[in-house]
Amino acid sequence: MAVCVAVIAKENYPLYIRSIPTENELKFHYTVHTSLDVVDEKISAMGKALVDQRELYLGLLYPTEDYKVYGYVTNSKVKFVMVVDSSNTALRDNEIRSMFRKLHNSYTDVMCNPFYNPGDPIQSRAFDNMVMSMMVQVC
Amino acid sequence: MRSSRTAEPEAVAGRGRIDLCSKAHARKRASFLSRSPLIMSIPDYMQCAEDHQTVLVVVQPVGMVSDENFFRIYKRISTVSQINVRDSQRVLYIRYRHHYSPENNEWGDFQTHRKVVGLIAITDCGSAKDWPQTFEKFHLQKEIYGSTLYDSRLFVFGLQGDIADQPRTDVAFYPSYDECDTVEKRVEDFIDSLFIVLESKRLDRATDKSGDKIPLLCITFEKKDFVGLDTDSRHYKKRCQGRMRKHVGDLCLQAGMLQDSLVHYHMSVELLRSVNDFLWLGAALEGLCSASVIYHYPGGTGSKPGTRRTPGASLPTETGKRHRPGAQEVLIDPDVCASNSIISHRYLGALSTNGINADTSAEIGRAKNCLSPEDIIEKYKEAISYYGKYKNAGVIELEACVKAVRVLAIQKRSMEASEFLQNAVYINLRQLSEEEKIQRYSILSELYELIGFHRKSAFFKRVAAMQCVAPSIAEPGWRACYKLLLETLPGYSLSLDPKDFSKGTHKGWAAVQMRLLHELVYASRRMGNPALSVRHLSFLLQTMLDFLSDQEKKDVTQSLESYTSKCPGTMEVITLPDGLVLPPVPFTKLPIVRSVKLLNLPVSLRPQKVKSLLGQNMSTKSPFIYSPIIAHNRGEEKNKKIDFQWVQGDVCEVQLMVYNPMPFELRVENMGLLTSGVDFESLPAALSLPAESGLYPVTLVGVPRTTGQIAINGYHTSVFGVSSDCLLENLPGLKSNCSTVEVIPALPRLQISTSLPRSAHTLQPSSGDEVSTNVSVQLYNGETQQLIIKLENIGKEPLEKLEVTAKTISTKEKLYGDFLSWDLEETLSQLPLKPGMIATFTVNIKVKLDFSCQENLLQDLNDDGISVSGLPFSSPFRQVVKPRVESKPFNAAESSKGGDFSHVKILEAILSFKYSGGPGHSEGYYRNLSLGLHVEVEPSVFFTRVSTLPATSTRQCHLLLDVFNSTEHELTVSAKNNEDLVLHAGECQRMAIRVDKFNFEDFPELTGESLQFANQKQLEEERQQAKGFEINSKLDIHWKIPSLKREGKASVEGVLNQLVLEHLQLAPLQWDVLVDGKPCDCDVIADCKVGDPIQLEVRLTNRSKHLVGPFALTVIPYQDFQNGVHNYELHDIITFVGSNTFYIDHVKPTENSACFGALLFLYTGDFYLNIKFHDDNSSRELPLSWFCLPSVHIRAIDPALQTQF
């Protein structure tokens, strides 16, 4: 269902990006990169809210002709961006949320690895498998 | 119509659609309006809400007017952008265009600010005869916008004379472009005239009676749709009313009556909504929004807010007040008054249903009529959704979106603004020309920038850049593309200064940054600026190295090499025409340098400071021996400075540890040092680093040409044709330790060559001495060899001073005599040694070692010993000395012969040459060159045993030496007064040498000072050594190997023991016996006559340091029968005159005493006198050998016989 999943560091550089049509990966790079404008905007709007009440899920960042871009930001300002095929109308907001939650859990596992340096590109196989499962899953 | 989307292939990611309404479907429904020849197709992306209140004036040249002159005048005209209309406080705003599509003018009724109401033509007219023609042209120009023009003016430049003198309202004459002071005034007058027309139109429309037939305003493309419609229907009337109301609203807004326009717009909205006239409803809503925006944001929403601001009009309340008098003015006019009431009436009627308070009070109405900021956006959204229903209104929709975005940007509502923008992206006008596409993407980029979406902005700018060079364009604008790409850099958080990347790890979206850099490279190359593309490619390689895959690294370097083959990369700053500065990109990662270490000179070239007497202690310049502060300072200094020096003119080295991060062999050329402080001639190196090499040491060399402090700042390289200057301070991960070293003045350089072969032996470096050259030689013990050393000055400074010292490496072997000796004077006389000259220096190597300590040999020879001790007090101890030439092959030793020859002993020494000269000498520096000397000493001959035999004289004795030839050659041994003794290999023979006894007391005593320090044992040893030396030199034993033609000296020193020495020593008490006044010793026979008493004198000379005596001596005569029988019964034959016993009292040192007696021989015969000591208990401590008195041989003969002979 997802066609592209990206994890972006606090400093707005990619820690992880994977897309399904690998032949045009750069396109997704641009999609995700430009979506950061919206993420920044949403975060700065949220900044006033209390930290513990903050909603991590940012919702739809912007729709493009073919895709919908969803965002999620952790408390440490690591961003998750998911690009979903816009033809997939069956996808509900709740499902997107649960996917992000799964992603966040898996990311937490990666961070728990004592051999992983925060800020390095993610190379965990477990994380990779989880992302692949999210992308392959056909709704 | 959606099919044309593909025209924007690059914009995919940015393209989106806000769901303002289900527009796509609506538009399909509306597409029945498809064919139309006059669609407004050129959007004005610069439009903003305030433009609704302006009147449009087109300024155009007529005939041939140069651009320069035209724009000069255009600029001056443009300054008249707002006019306070005479005697009112209303303000008229004017928008000037020098180019305006007549198609767009068709929309003038739809939104009056799109209508060209004024035309100012500018023309050149040189002579009067051209004038009619020019004027005709002006008329033709007017025709274009004829339907909408209120008024027009022609500014004629250059014409003088009759025509010019006629005063005309529509034409102004100016002699030249420089003399036209009144242009502004004329424009103001012109605007005034426009205002009058505008005002009259407004009043005209506003006063339309409700009963009158209101014409239907429509846009060209709508016309045919209304054909055949029932013009009398209520629906149609309402539509006409609504449109007219909207039109009046537009006019009011333009005429500076904001409040009135609001009222009209509100009414229009109501009317049009009821008849579903969506296009005009949208326009009415947009008008409402525009008016509200003007009210809320007097500062303007456009990009040039400054030009719109009027003094005293910055606050909304003031704006309101400013408008009120205008309204009142209208009210005063009776017609207007009537119309106004009607308006109010209708307005009330219309709005009451909408729940708006019917109060006519302007104050309240203003507040009510004006939209709140939130409402503005809502209404914009609505308006845009209505526009969206009409394909032909694409430009209107697009412009509305742009206007709304500008408003939102001011409201800082970026999210909503982005929605509007996405909608704008999606609006498709028609097949756009490439240029229009570029303009469109650029403006989208600008708008995104405006709302703070930098990445999106960059994205569109990049799309625009790509559009500049789209394959469909015949002449790709690479220059424009490049310029646009550069503008995207901040959006991708990329700077072109490599320094920004050296701090810490790379931050940013590498994938997109790399793409952009690739595009920059390509664009700059196509632009025909290879230097630029090399710079960008270098930057890409340097900063993105970590992100490039192996294949990409290869590709990038290959293209870089191909670029640099045409234009090598430099370290110069490239400044672009628009002022952008591209700093140089040093390849600090190709190769990566991990450490930089300055190397000391090789030991032989290392300069050393002559220690001055004051030097050491004075250097700190402090009265304290220790102070923590000074110590601290020193420590810091040490960190920065290096404790060795470099020498001017000598090659100095710096070692770098580098590695190659590339997956292929890296060729680094022209790698050299960057220094400061001293003229430094860098000698560049070229290296080739294997792929992904580990740390690899590279030594960079150079020659300092002047003296002083030299700082190593960095290094330069040339990789892939790009020269880089890498400064150490900019290198990440480099331990920046000291890089400053002192360069001292030039010194000469010595090179040594010797007569001896070089040796592979390396001396054990003791005490840090390092030896540059080693020579070795094999010598037989006792041999002397000359070593000729050639000293060549290979430097550039004269050698002025030379000192030679030798140091024997401590060995267990006991060395006799000087191992090395030389005469420096001869060499020194050759100084100063000019560069290239050679001086010779001769060293004598003399080896004298003791090989005799082989126990087994001594044991073997011990048994046949002739005891040296002899009988005490047996004087004379007479023994016939036969030099026993015994041939005694060493059978026992034969077996251990192999072992013997392995007893090669090694002597090693270091010769140090301290030399100096040139300027370095005056600075007090010198150099030290060491020559290692390795000598293998083989045993030649040695003495297995030594013993003495007393000679007949007390002053002499025989030394018996067992000489052993340990060589494999036959050799001859000769002492000073003996004949040669031939010894075969391994043979041992005894030789006897008669020697005079030595008077060791003559040796100078050691000085008191050294006596104090040396202990007794050492003293004794030294004394013994000195004695040995003395003996040796007396003996002067030589050996010679005829087959090898080698010869040397044999030394007995090692074998001499205390006992032998004692025997060789002359006793300190010297006894002389004089018979008849003649000294009598050894074989001297004293003759005397029978019957005559002969005098006997015993003289004692004390050469010892002590007082000796008293002694008692008894003279006992005897006869030797030569058969071992001594006859002592001689009382009848010899008689003593006086006592036969002498008493000698104390004899002081260096004194002597004598005793006299006399003997009377009664018979002839040979007699001997034995002089005996009486055992006095006084002087027992004196050694026996001291009392060795010569035996006296007297022959008494018959005086008659004697006389007979």
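No lab work stands behind these numbers, since they all come straight from the coordinates. The structure displayed is predicted, hence computed values, not measured ones. Methodologically, a virtual Cβ is constructed for each residue, glycine included, from the backbone with ideal geometry; neighbour enumeration extends over all protein chains shown.
Net charge within 14 Å of B:Leu674 by Cβ-Cβ distance, Lys/Arg positive one each and Asp/Glu negative one each, not counting B:Leu674 itself?
Details: positive: none; negative: B:Asp679, B:Glu681, B:Asp725, B:Glu729.
Around B:Leu674, the charge tally is -4.
Count the net charge of all other residues whose Cβ sits under 11 Å from the Cβ of B:Arg413, scoring Lys and Arg as +1 and Asp and Glu as -1. Before the final figure, lay out the partial values.
Details: positive: B:Lys412; negative: A:Glu41, B:Glu374, B:Glu416, B:Glu419.
Net local charge, B:Arg413 excluded: -3.
With each label point set 7 Å from Cα along the Cα-Cβ vector, what nm distance links B:Phe664 and B:Asp181?
For B:Phe664 paired with B:Asp181, the spin-label model returns 7.5 nm.
First measure r as the distance between the Cβ atoms of B:Phe547 and B:Ile42, then evaluate 1/(1 + (r/R0)^6) with R0 = 30 Å and state the FRET efficiency to the nearest 0.05. Display every interim value, and only then the final one.
Values: r = 43 Å, r/R0 = 1.44.
So, using R0 = 30 Å, E works out to roughly 0.10.
Once you sort the root eigenvalues of the Cα gyration tensor of the range B:441-573 as a ≥ b ≥ c, which label holds: rounded (a/c under 1.5), prolate (a/b larger than b/c) or oblate (the other case)? List each step's numbers first, then the result.
Numbers: a/c = 1.94, a/b = 1.21, b/c = 1.60.
Verdict is oblate for the range B:441-573.
With the radius of gyration and the Kirkwood radius both derived from the Cα set of the range A:2-136, what is their ratio Rg to Rh?
Details: Rg = 14.1 Å, Rh = 15.1 Å.
Reported Rg/Rh (Cα atoms, Kirkwood Rh): 0.94.
Amide H neighbours of B:Leu159 under 5 Å, counting only residues 5+ apart in sequence or on other chains, H built in-plane at 1.01 Å?
HN-HN under 5 Å from B:Leu159: B:Cys125, B:Tyr174.
Using a 7 Å offset from Cα along Cα-Cβ at B:Ser565, what residues in the range B:651-692 end up with backbone N under 20 Å from the label point?
B:664-670
Between beta-carbons, use under 11 Å as the cut-off and find the net charge around B:Pro835, counting Lys and Arg +1, Asp and Glu -1.
My count for the surroundings of B:Pro835 gives +1.
What full-extension length gain, to one decimal in nm, is calculated for B:Glu435 and B:His1146 as 0.36 nm per residue of separation minus the Cα-Cα distance?
241.9 nm
Please find the FRET efficiency linking A:Gln123 to B:Asn84, where r is the Cβ-Cβ separation and R0 is fixed at 45 Å, and quote it to the nearest 0.05. Walk me through the intermediate numbers first.
Working: r = 70 Å, r/R0 = 1.56.
Step by step, r from the Cβ atoms, then E = 0.05.
Using 18 Å as the cut-off for backbone N distance, which residues of the range B:667-700 belong to the label zone defined by a point 7 Å from the Cα of B:Phe644 along Cα→Cβ?
Flagged as within label range: B:697-700.
Note the full-extension length gain between B:Asn1123 and B:Asn600 as 0.36 nm times their separation in residues minus their Cα-Cα distance, in nm to one decimal.
179.6 nm
Suppose each label sits 7 Å from its Cα in the direction of the beta carbon; what would the B:Ser693-B:Phe1029 distance come out to in nanometres?
6.0 nm
Per-residue ellipticity at 222 nm for chain A, helices alone: DSSP H runs ≥ 4 residues times -39500 (n - 2.57), over residue total, nearest 500 deg cm²/dmol?
Working: 3 runs with 54 residues, N = 139.
Using -39500 (n - 2.57) per qualifying helix, the result is -13000 deg cm²/dmol.
Mind checking the range A:81-132 for chymotrypsin sites (Phe, Trp or Tyr not before Pro) that DSSP puts in a loop (not H, G, I, E or B) and that have at most 11 other Cβ atoms within 10 Å?
Details: sites: A:Phe100, A:Tyr107, A:Phe115, A:Tyr116, A:Phe127; in loops: A:Phe115, A:Tyr116.
Passing both the DSSP loop test and the Cβ count: A:Phe115.
Cut-off 19 Å, label point 7 angstrom out along Cα-to-Cβ of A:Glu23: give me the residues of the range A:87-101 whose amide nitrogen falls inside.
Those under the cut-off are none; the list is empty.
May I ask which of B:Lys848/B:Lys997; A:Lys42/B:Lys456; B:Lys115/B:Lys201; B:Lys201/B:Lys246; A:Lys27/A:Lys77; B:Lys848/B:Lys1027 have a Cα-Cα span longer than 18 Å here?
On the way: B:Lys848/B:Lys997 24 Å; A:Lys42/B:Lys456 15 Å; B:Lys115/B:Lys201 14 Å; B:Lys201/B:Lys246 14 Å; A:Lys27/A:Lys77 24 Å; B:Lys848/B:Lys1027 16 Å.
Long pairs (Cα-Cα over 18 Å): B:Lys848/B:Lys997; A:Lys27/A:Lys77.
How far apart, in nanometres, would the label points at A:Lys77 and B:Leu229 be if each is projected 7 angstrom from Cα along the Cα-to-Cβ direction?
Distance between label points: 5.8 nm.
When the chain is fully extended, how far beyond the present Cα-Cα distance does B:Asp1092 get from B:Ile838, taking 0.36 nm per residue of separation?
Details: separation 254, 0.36 × 254 = 91.44 nm, distance 8.19 nm.
Extra length from B:Asp1092 to B:Ile838 when fully extended: 83.2 nm.
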